[in-house]
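Q: Next up is a structure, given as structure tokens.
The values are calculated or read from the model by the stated rules, or taken from the named source; none is laboratory data. No experiment lies behind these values; they were computed from the predicted model shown. Because the Cβ atoms are built from the backbone with ideal geometry, glycine has one as well, and the counts that use them run over all protein chains shown.
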Amino acid sequence: MKRTLLMLTALLGLGLSAALAQAPITIRIGFNPTQNSDQLKPAAQAIADFIEKEFKGTVQVQISIPTDYRGLIEAMRGGNLDFAFFPPAGYVIAHQDVGAEVLLKSVRGTSPYYWAAIVVRKDSGIKNVQGLEGKTIAWVDKNSDAGYLFPRAALIADKLDPDKLFSKQVFAGKHDAAVLAVLNKSVDAAATFANDDKNKSGAWTQFLKPEEASQITAIFYSKPIPGDTFSVSKQFLAKYPNLAKGIAAAISRIKTPQSKLLFDLYRIDYMVPAKDSDYDAVREARKLAQ
């Protein structure tokens, strides 16, 4: 009888161990809130569903969309986030403050770069940055690459002091709000992102209706900015190095037009491997702009 009980206990232990071994690993991914979270959430959830399908139930993905990308950094600092889609400046801060490591960078079209643009209404009569003297501008926020750091650094490099050039500076918080402020004539200009430097594609074409976007034009482009990142926390990378690489590899297999998952998320066509030094240009812009 005693032997039978011992065998049953052993079998139950093996069964419990097998069940625990098969339990999915929970992965928490944060998404940079470049637009209204109600619009972003379905696209973020689609990425989570894709990863779960790729790993055949061995991982469970939870998504997080904070009010700003500082929230992503704080969540990673607190051990509550494993991966994040950081904008370039967000990654630089996360790497410095909490040890995040970049895995992938975004490609739009065929370029792993994007640009900062200053946009105005076509009927404003403003043709260049010199024409912005005494005008009002909407930045995105002080840690936004395209919406603040790169355009501000470029103005300073050209001996134009933004604090003297503009009669008023406001922070819109998000790129869609910035271009809407120009469209609605709340401000004369806005700094935002562009997918090229040829006045074809940018926040104004992405967030506005075609007839509205046609009323907006870019009068300035910055130097190229390295693409948005997919980054991992140092804790997760140390604990699950192979899984971290596997998650990155799965995301790198998403390509437009075969799959619109990344395009629907951030208008990304695909992502490629990246290294920390790719973002040295961002560090330089931060020093100059701040």
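Q: Only one residue in ASP145, ASP68 is touching a residue at least 24 places away in the same chain (Cβ under 8 Å) and either in the same structural domain as LYS245 (by TED's automatic domain parsing) or of a type in the set (A, V, I, L, M, F, W, C) (or both). Which one?
A: ASP68
Q: Do we find a residue being closer than 29 Å to LEU208 by Cα, assigned to a strand (DSSP E or B), of a type in the set (Val, Ile, Thr) and in contact (Cβ under 8 Å) with a residue 40 or more places away in the chain anywhere in the range 53-60?
A: For the range 53-60, residues closer than 29 Å to LEU208 by Cα, assigned to a strand (DSSP E or B), of a type in the set (Val, Ile, Thr) and in contact (Cβ under 8 Å) with a residue 40 or more places away in the chain: absent.
Q: Can you tell me which of ASP123, ASP97, ASP176, ASP158 is surrounded by fewer than 24 Cβ atoms within 10 Å (Cβ to Cβ), at pLDDT below 95 and more than 24 Å from TYR266 (Cα to Cα)?
A: After ruling out the rest, the residue left standing is ASP158.
Q: Enumerate the helices (runs of 4 or more DSSP H) found wholly within the range 191-290, keeping only those where 2 or more residues are over 25 Å from PHE171 (Cβ atoms) and modelled with pLDDT of 95 or more. If you could, list the steps in order and put the result at the bottom.
A: Working: elements: 203-207, 210-213, 234-239, 241-252, 261-266, 280-289.
Counting at least 2 such residues, we get 210-213, 234-239, 241-252, 261-266.
Q: Now, a different point. Looking only at the range 100-120, count every residue that is among the polar types (S, T, N, Q) and modelled with pLDDT of 95 or more and tell me the total.
A: 1
Q: Still on this structure: Being touching a strand residue (DSSP E or B) at 6+ places or on another chain (Cβ under 6 Å) and under 30 Å from PRO24 (Cα atoms) is true for just one of VAL129, VAL107, VAL119, VAL61. Which residue is that?
A: Step by step, each of VAL129, VAL107, VAL119, VAL61 is checked, and only VAL61 is touching a strand residue (DSSP E or B) at 6+ places or on another chain (Cβ under 6 Å) and under 30 Å from PRO24 (Cα atoms).
Q: Condition test on THR136, is it surrounded by 15 or more Cβ atoms within 10 Å (Cβ to Cβ), among the β-branched types (Val, Ile, Thr) and over 27 Å from ARG70 (Cβ atoms)?
A: Spelling it out, it is not the case that THR136 is surrounded by 15 or more Cβ atoms within 10 Å (Cβ to Cβ), among the β-branched types (Val, Ile, Thr) and over 27 Å from ARG70 (Cβ atoms).
Q: Considering each of PRO42, PRO24 in turn, give the residue that is in contact with a Gly (Cβ under 8 Å, 6 or more places away or on another chain) and either at positive phi or not assigned by TED's automatic domain parsing to the domain that holds LYS142 (or both).
A: PRO24
Residues checked against (1) of a type in the set (Val, Ile, Thr); (2) in the same structural domain as GLU54 (by TED's automatic domain parsing):
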| residue | (1), (2) |
| --- | --- |
| ALA190 | no, no |
| ALA203 | no, no |
| LYS209 | no, no |
| SER252 | no, yes |
| THR256 | yes, yes |
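Q: When residues of the range 91-109 are filtered for being touching a helix residue (DSSP H, G or I) at 6+ places or on another chain (Cβ under 8 Å) and more than 15 Å from ILE225 (Cα to Cα), how many remain?
A: So the count comes out to 10.
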